[in-house]
Every structure is written in C-alpha cells, then in structure tokens.
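Read-outs: derived from the displayed coordinates by stated rules, not from any lab. None of the values given here were measured: they were computed from a predicted structure. Cβ sites come from the backbone with ideal geometry, for glycine too, and all protein chains shown count toward neighbours.
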There are 2 protein chains.
Amino acid sequence: MRTVTEPTTTTPLAERSPEEVAAFLDTQRRAYADLQAQGLRLDLTRGKPSSAQLDLSNDLLHLPTTTRDRDGTDVRNYGGLEGLLELREIFAELLWVEVDQVICQGNSSLTLMHQVLTDLLLFGAPDSERPWRDEPALRFVCPVPGYDRHFTMLADLGIEMIPVPMNEDGPDVVATAALVKDDPSIKGMWIVPTYANPTGAVCSEDVAAALMAMPTAAPDFRIMWDNAYAFHHLTEEEAKSADALTLASAGGHPNRPIMFASTSKITFAGAGVSVLAASAANKAWFLRHLGFASIGPDKVNHLRHVEFFGDADGVRAHMRKHREIIAPKFDAVDAALTATLAGLDVATWSRPTGGYFVNLDVVDGTASRVVQLAKEAGIALTPAGSAFPHGQDPHDRNIRLAPTFPGLADVEQAMAGVATCVAPAAAEKLA
Amino acid sequence: MRTVTEPTTTTPLAERSPEEVAAFLDTQRRAYADLQAQGLRLDLTRGKPSSAQLDLSNDLLHLPTTTRDRDGTDVRNYGGLEGLLELREIFAELLWVEVDQVICQGNSSLTLMHQVLTDLLLFGAPDSERPWRDEPALRFVCPVPGYDRHFTMLADLGIEMIPVPMNEDGPDVVATAALVKDDPSIKGMWIVPTYANPTGAVCSEDVAAALMAMPTAAPDFRIMWDNAYAFHHLTEEEAKSADALTLASAGGHPNRPIMFASTSKITFAGAGVSVLAASAANKAWFLRHLGFASIGPDKVNHLRHVEFFGDADGVRAHMRKHREIIAPKFDAVDAALTATLAGLDVATWSRPTGGYFVNLDVVDGTASRVVQLAKEAGIALTPAGSAFPHGQDPHDRNIRLAPTFPGLADVEQAMAGVATCVAPAAAEKLA
C-alpha cells in the first residue's frame, strides 16, 4: 500500500487562500455538473469477479470426467466429512499447512466462519471454560478498515467489536496486545492477512508471530485468519502469507488461529469450494459438531475442482490469468485518481499488489459526501463507513472501491467520476 | 406398513412346549453355524443409494449447458440467497407449496435443519419471547422409532427428547397433544411425514391437521417437517404428503411447520440440492440470519438440476427409475423374512410403499442379540436402538434395515442371514 508521493507543482488545497479555494470549488462544481450531464450508470460496489474472469473456469461445467476419487470412493454418494483428500492436498500446499490440518467444504468460507462462531457460542472451544454464549460479555478485536461481512456477522451474533488500526504490515499489534492481555471478554479477532479487504495490507511474519504469541486474558482466544486473497496477486511481487499455524504453535498457542480460504475468487464466485485449516484439536472439535449437521460436503464439486486444477501449480497458473484481466483495472483506478487529485493533498489511496479492493481515504468528514455526489452522478459506491463496525467510520473518510466487476472502460470512466467528486467535497469542507 | 398376517400352519414359538423350543433352538443354531461358515461380508447399515441409482443422474456431470438463469443472471457469480427461481418452482409444485414459501440451498437438508435449530437457540423464532438458549429447559417430542440423525442433532444441541409412538398414520397425536399443551419447555417436534425413517409410515391428513392445530404451551412451537422421502414411492400406490403449510395456516399456526426436502436420494446423495419451505415470517427470519453466513447457494448446481429435470414431471419420471431398481430389493427383504419366520410370531416387519428402510421388530429384549449374531456372521446391521433418542430402545426390539445400497443378490443373501439370526435369538429368550 502506497500513498501519493510524487513531486508535483500543485499546491495542496489546504495551503491555498480562501479566494483560491473558492475559485477551485467553482471549477470543480462545473466539472461535477459536466459529470452529471453524462448520465452515467456505473457500479463500483461489488467485490465480484467479472464475466471474463468466470469464463476462465468454464471447463468446470463439464467436469468431473469420473465419479471415483483416488481411493476408489464414489464421490456422488454420502460421506467424507473432511472433503476430498486430493483437494485438501492442493490447498495444504497453497496455504503452507499440513494436509491433516485441512478440511474442504461447500461453496462459502463465510459459512465456515459462521459455523465456527456458532459452535463457539453454543459449545465453547476445546480450551474454553464454558460456551461463549454463557459469558457475561463477548468482544472481538476488529482491525479497521476491514471486511464488512465480518463485522455484520459479529453484530448479528451479539459479539461486541473493538476497532484497532489496520497498518501496512497488518493489525496494530501493540494496540491489540494491550487490549487482550487483561480483558477476558475479548475472545478473538478478525484478520484478512494477505491483501486485506479493503486496504490491501499484507500481514508481516513479525506481526503474525506477535499476534500468535501475545498473552491473552481469555484462555480460548481465537484469531479468525481469513486468507481470502492468499493467491490473488496483482503484480509479480507475490506476497507469501505468514505461516499462521506454525507461528501459533511456536508461540505456545496452537489452537489460536483458524484459517479460512476459498475458490470464490479463483473459479466460480458462487460455486466454488471452501477451506478451513487449524490445529488437530480445533479441527477435531469443528468436525465433531459438523458431523451433526452434515453427512459430507459436495465431493463431486471437489473432484471437479481437482480435475480442473490438476495440482497447486495449476491454481497458481490460473491466478496469473486472473491477474492479466484485473491488474489493468487497478492501474486505471490509480491513474484516474492521480490525474485529478495528485498534489491536492485531499486523498490517499492504496495501490494494492493483490486482492480485490482499492482503499480511498478522503478529507475527514467528506466520505459520505463523496459517495452521495457519486451516486447523484450515476456512480454507485459502497456506502461510506462500510469497512467499519456498525458501518460507523469515526472520521468519515474511508471509501472502498471495487474495480474487478465492471469492464476496463467502465472502471476508467467511473474512477474519473469519483475523482471529480472527491475534489469538490474537499473544497466544500475547506471553504 | 403391514405385519405378517398370512394364515400359516406353523405354531408360534411362544405356544410351543419347552422341549419343542429347545429342539427348535438346536435346529436354528445349526442353521446359524452354516450361515457363519459362509464367511459373508455384507452391509445393510446404510440408507444410501446404490451406484446403479446414482448412474441415473450421470448427465449432471456435464451440465449445465449455460451459465445464465431465466432472468439472465450469471449463476456462476455471488448472490441469489433464496436459490434459483426455476428450481424453487419445481419444488413448490412437488411439495404442494407456493414458490414464495420455498428456498433452495446446498447439498444437505440436514444442514438446513441444523441452521434452523441453531438460529432458534441463538435468536429465537419470530414468535419467541427470547432466544431458546435462554429458556430454563428445552424439549422436543420425538416420534419413535425415528431418524437417528434427528436425535443426535438434538442431543448435541442440548435439547431433551421425549419419545412418543410413531403409528401407522404418523406420530401419536393424542400423546403428543397431551405433552405439549401444558409444558412450555416443549418447543417442537420432529416428523418424517412421508415414508418415515424407519417405519415407512405416512402421516395422514387428519394427523397432520391435528398436529398443526393442537394447543401448545410454547407460543413458538415448531414442527420440523422433514419430508425427505416425499417422492420416493416403491409402488404405484403413491402417497401424497399432507399439506403441512396450508393445514398450519388453517389451524391458526402458520409459523408452526418448517418443511425440508432434498435431492439427496433423487440425484447424487452427496451433491444434490436442499429445500426449505415455510411461512413468510419463518422464511424471512431464516433468510435474515442466513444472509450473515452466506452470499448465496451454489446456483450452478441449482441450474444443473433444473436442466437435468426440466420440470416437476421430470422429477417424477426420474423417481420411477429409482423405483425399478430398489423395489425388488424391498421385495427380497420381505421374501427372506417370510420364508424363515412366517408363523413363528417372533418378528413383525414393515412392507413400506416408499422410502428407504424396512422396520424390523423382533422379540422384546433380542434386538441387540440379533445384531450381534448377524455381525458375527459377517452381516453388518445398524446398531440396535439407533432409531431411538440416545440409541436407547426401551424394549430392545427394533432393527432398521437399509436394503438400497447392496446389490439385489447381496440383499437376498444378507436378509436370509438376518432371518437366521432372528429365530435363534427368539428361541434363546424363550428357552
């Protein structure tokens, strides 16, 4: 994640005289009027793959070619709660974990996360004193900005959220450690460790190690390690995810992390496979309860994916095809923001090397205004504050941009429009 | 469900003299020794479709042929929490409910049932005073014999079970009504209404109406209406499931039933689609919480099934192909038991007109012995008591037979063996 640092001759808006700001605002309002006159209908809200990306996996539509797994088991029938071994092997290699730490399930890792939290509430973890639902209070540390669905899930389940800053190398570990060391009601935290949603930050090995080793008042503290973008590189500078399970064992807390991943942004967003990886105790605990709710996952879809990928290298090769399609869209976001805003000092934005989002921070107190202006110009953005618990951005400055779904030309046009909304909102604030 | 009523010249075992019983036992022990000498390795434990049945759906392996639903939505991408409309329409017709009462989800209706119970525990129903988890006690009425996974799920979730008899026309409604009218801790009950697991009973319209209308002390009483075998006819005498949702509305309790079904025993046991149908309030409640755990089901698999079936008649035609394969196996079970046991009055068994099981009741106190003898002769049966809460059959007389998975010749051989175990166990008891 970098911010705009180019040398420029533009004077930052805040350093200009009131008359200059008024003149700037006037110019920007005319530009915005021109934007509105275009009658756009564009949408940057959704972190979804585009049709061209989905097409990369269309061979899935006529797979698998066989109905038996490597051991001769009929994948069409019931059973196999842990998921197909061949698929588990592929994800073990990709996630740098052991095969016996991995299970594969249905089309949604979000569902796995929800199941884990539900099990914790109803039963407690193997190292819990009681079901979490019986605790007087429950809190989670939430690095912000973060993934809105993580936060809405906690809210629905009645778990309070404590924000900590998401830094360029991962969650603020000093702030986190200070919170968790004395408060036993803080039972866990979220992390998107690699190419975080929405900042693109990559959790460093040092930060991960510190999180896995830090003392916690709760004996059953859990780190929900949502490695949704582990393989979703946008450049040749491919981040390697921190080795959460090994670091946790080394830190004396093997049961602390529960890792999640999926193929939702690898094959078909709605019809892929999900992955959970954890310590032996966590895995046995999860499977024990899962066994009352399922006779096994869709192993036909598992085999379909195994045949499609072949092996872990097949996944890596496949991800390079995604990169070819979406990297230009991220470049277009950066180019459009730079063209209009460079030097004005009214916005910073990420230039992620992976993942699905660009994080745009505008002048404090103007994010909602930018989103409103964009909407009135026909450009749909994720509501301001979405990346914060309860949708409340205390600074009203954060906007999540999702450039993968629209076509490149639409991204260019939409982002030129967004930039045209950022500038007048900033000028209004300063005027 | 019928019991053995043929006129016969055989004298019932219990009416014979001690010497005659001893002689009978001697004969039976020789027959059993001969059985053991065969060195069989047969398995009647699993209510699973056979490979031949699964083969009927192999066209699924190269479907769907398109990636758009009827409205042009890309089924490969995220979204569509309720499931594909075309699939919901098919199941609405098959289950005699309205399309807007139906949602379709992943590969397991068991998972849907578990999600419903989990939501009830954590949040309560729309008509609950509080989350069920906050009640001082929670109980469910459980018709017995019943489906073991229903009971183990309740046990894991900490819900007590109160058995009531499963009659030929459904759960004993007098016993049930007497239990639920004064005890607010009784929050619900299970039913497999059509071709029940394991008895094959079909819940009559009258019994269903009474269950839907009966006064309950709990304002949020729920009937988990697991219509797993709604279309799984074994004869031309096709049972029509009672119209639970309409009866519930007519009875003044529209939110009482939640209906479940799946294609697990229609297409691929492990890779089908599941169905939930309920009142508008129940459905909205379920989807509201589901929306925090899922961005939508596997719509590719939904479309795959829609293309495969075409329409509801396609499902019905498909089920007739299943019937051709499995009806002879059920006939073989009956023939083998009749050949050895008719007239001895040591066993009764169901001759189901649908579903997946034969319910065998042996002399009280001998079911465990029969299962043990069968095991020692190489024939695996479901553990005695499996069809009762906590695996405890108070009479030790019930054995669930599952004849669909083995080939016909294996069913014949295994059932001849089972009959050869029933007789000496009975004679031992009487001797």
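Laid out as a table, the results:
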quantity: For B:104-115, mean number of other protein chain Cβ atoms within 10 Å; calculated: 5
quantity: Percent antiparallel among DSSP beta bridges (both partners in chain A, rounded to 5); calculated: 50 percent
quantity: Which of B:Ser249, A:Ala269, A:Pro145, positive extreme of dipole for the protein assembly as shown (C-beta unit charges); calculated: A:Ala269
quantity: Shortest-first nm distances, B:Pro136 label point to equivalent points in other copies (7 Å, Cα→Cβ); calculated: 2.4
quantity: Options B:Ala336, B:Leu63, B:Ala175, ranked by Cα towards positive dipole end of chain B, top entry (Cβ charges); calculated: B:Leu63
quantity: For chain B, size of Cβ-based charge dipole, Lys and Arg +1, Asp and Glu -1, in debye; calculated: 820 debye
quantity: Out-of-range pairs (alpha-carbon distance over 20 Å; input B:Lys265/B:Lys321; A:Lys48/A:Lys299; A:Lys48/B:Lys299); calculated: A:Lys48/A:Lys299
quantity: Those residues of the stretch A:218-253 whose amide nitrogen sits under 16 Å from the label point placed on A:Ala327, 7 Å along Cα→Cβ; calculated: A:231-240
quantity: Cα convex hull volume per residue for the protein assembly as shown (Å³); calculated: 168 Å³
quantity: Size of electric dipole in the stretch A:359-417: Cβ of Lys, Arg +1 and of Asp, Glu -1, about Cα centre, debye, nearest 20; calculated: 80 debye
quantity: Other-copy label distances relative to A:Ala342, 7 angstrom Cα-Cβ extension, nm; calculated: 9.5
quantity: Shielding by other protein chains, B:48-59, mean Cβ within 10 Å; calculated: 2
quantity: Relative contact order for the stretch B:346-409, counting Cα pairs under 8 Å that sit 6 or more residues apart, in percent; calculated: 35 percent
quantity: Model label zone, A:Lys240; criterion: amide N under 13 Å from point 7 Å along Cα-to-beta-carbon; scope the stretch A:79-110; calculated: A:94-97
quantity: Sites B:Ser17 and A:Ala281, calculated FRET efficiency, Cβ-Cβ separation with R0 60 Å, nearest 0.05; calculated: 0.45
quantity: Local electrostatic count, A:Ser109, Cβ distance below 11 Å [Lys/Arg +1, Asp/Glu -1]; calculated: +1
quantity: Size of electric dipole in the stretch A:1-152: Cβ of Lys, Arg +1 and of Asp, Glu -1, about Cα centre, debye, nearest 20; calculated: 580 debye
quantity: Test item: A:79-85 mean partner chain Cβ contacts at 10 Å; calculated: 1
quantity: Charge tally in the Cβ shell below 11 Å around A:Asp127, where Lys, Arg are +1 and Asp, Glu are -1, A:Asp127 excluded; calculated: 0
quantity: For the stretch A:279-296, 3J(HN,Hα) per residue [Karplus equation, 6.51 cos²θ - 1.76 cosθ + 1.60, θ = phi - 60°, Hz, x = Gly/Pro]; calculated: 4, 4, 5, 5, 5, 4, 4, 5, 5, 4, 6, 4, x, 8, 10, 7, 9, x
quantity: Helix-only [θ]222 nm of chain B, DSSP H runs n ≥ 4, -39500 (n - 2.57) each, per residue, nearest 500; calculated: -12500 deg cm²/dmol
quantity: Rel. contact order, % - alpha carbon contacts under 8 angstrom, at least six apart, chain B; calculated: 27 percent
quantity: Between the stretch B:105-120 and the stretch A:305-355, the alpha-carbon center distance in angstrom; calculated: 37 Å
quantity: The stretch A:137-189 shape via C-alpha gyration tensor axes, a/c threshold 1.5; calculated: oblate
quantity: Mean Cα-pair separation over length for the stretch B:275-431, i.e. relative contact order, pairs under 8 Å, 6 or more apart, %; calculated: 24 percent
quantity: Between 0 and 90°, nearest 10: helix A:148-157 axis offset from chain A longest Cα axis; calculated: 60 degrees
quantity: Packing-based order for A:92-98, A:329-335, B:396-402, B:84-90, using average beta carbon neighbours within 10 Å, highest first; calculated: B:396-402, B:84-90, A:329-335, A:92-98
quantity: Orientation-averaged projected area, Cα convex hull of the stretch A:184-332 (nm²); calculated: 10.5 nm²
quantity: Prolate/oblate/rounded label for the stretch A:27-184 (Cα gyration tensor, a/c 1.5); calculated: oblate
quantity: Phi to ³J(HN,Hα) by Karplus 6.51 cos²θ - 1.76 cosθ + 1.60 over the stretch A:353-367, Hz, x for Gly, Pro; calculated: 9, x, x, 10, 9, 10, 9, 10, 9, 9, 4, 3, x, 10, 4
quantity: Extreme residue, positive dipole direction of the stretch A:1-105, given options A:Leu25, A:Leu44, A:Ala92 (C-beta unit charges); calculated: A:Leu25
quantity: Calculated label separations, A:Pro18, copies of the chain, 7 Å along the beta-carbon direction, nm; calculated: 11.9
quantity: The stretch A:224-280: C-alpha gyration tensor shape, a/c 1.5 cut-off, then a/b vs b/c; calculated: oblate
